[in-house]
Amino acid sequence: MRKSFSIFIILILLSMTAGISFARNGSAIPDQPLLDADQAFVLLKEGNQRFVKGSSVYPNQTSHQRKVLALKGEQPFATIVTGADSRVDPVLIFDRGLGDIYTVRIAGNVAGTDTLASVEYSMLAIETPLLVVMGHTRSSIIKAAVEKMTVKGYLVQLMGKMEPAIKMTKLMYPSLKGNELVDKVAETNVRQVLRDILGHCPGVLDKVRSGKVQVMGAVYNTDTGAINWLGP
């Protein structure tokens, strides 16, 4: 009797364990297909077009998506390095949802060590296929740096990281002033950050050279909501 009871308990425990394994293995929740860089780029372009038109569909923002991500972990299809400006939210700008975009945000959109480490993690560990560095127009912190506003604390170091882009822009476009100069510096800074990432992150550079990863520069227009794609 006791032996039969013990076998009965073991069978129950095995069935419970099998159920848990079933869910974790993804049989109950099917894996999402892996996207390549071209497919990821199309999703970003289409999402931004919807955002500009005011016809966002807000995909992957359901409670079901939240539970799936909690169970299976993240698998974003793009990494976006951009500024911390409150007007610039990549998930909204590209009309995406939870788990779609790995976002690295920092004031001035500069490539400090924390930014580089975050990019390495997203591109090498999580293996996102597309890296976008995105500046934006009418950046208040770039304007402050261009006008050499007096700052204190950690802002001194951050402002210093924008100085190469400011000098290069003034050299190449000496006639630019005001907002036009600020916006062009934002564009130059995007190209500088792309160079910094590829120059300081050999693992990411190797993936780009092998064709496993693509990189793209972009500038978000805070007036229209549209993205100006700058290319690799």
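Just so it is clear, none of the values below were taken in a lab; they were calculated from the coordinates. From a predicted model like this one, the values you see are computed outputs, not experimental measurements.
Below, the figures for the structure above:
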read-out	value
Partner lysines for K167 [C-alpha distance under 25 Å; skip if fewer than 8 residues away on the same chain]	K143, K148, K152, K177, K184
The chain: DSSP helices with Cα axial extent of at least 20 Å and average Kyte-Doolittle hydropathy no lower than -0.5	2-24, 37-53, 155-172, 178-200
Residue among M162, M134, M149 with the largest mean-square fluctuation in a Gaussian network model of the chain, springs linking Cα atoms under 10 Å	M149
Beta bridges by DSSP in the chain, antiparallel share as percent, to the nearest 5	20 percent
The chain, Cα convex hull volume normalised per residue, Å³	163 Å³
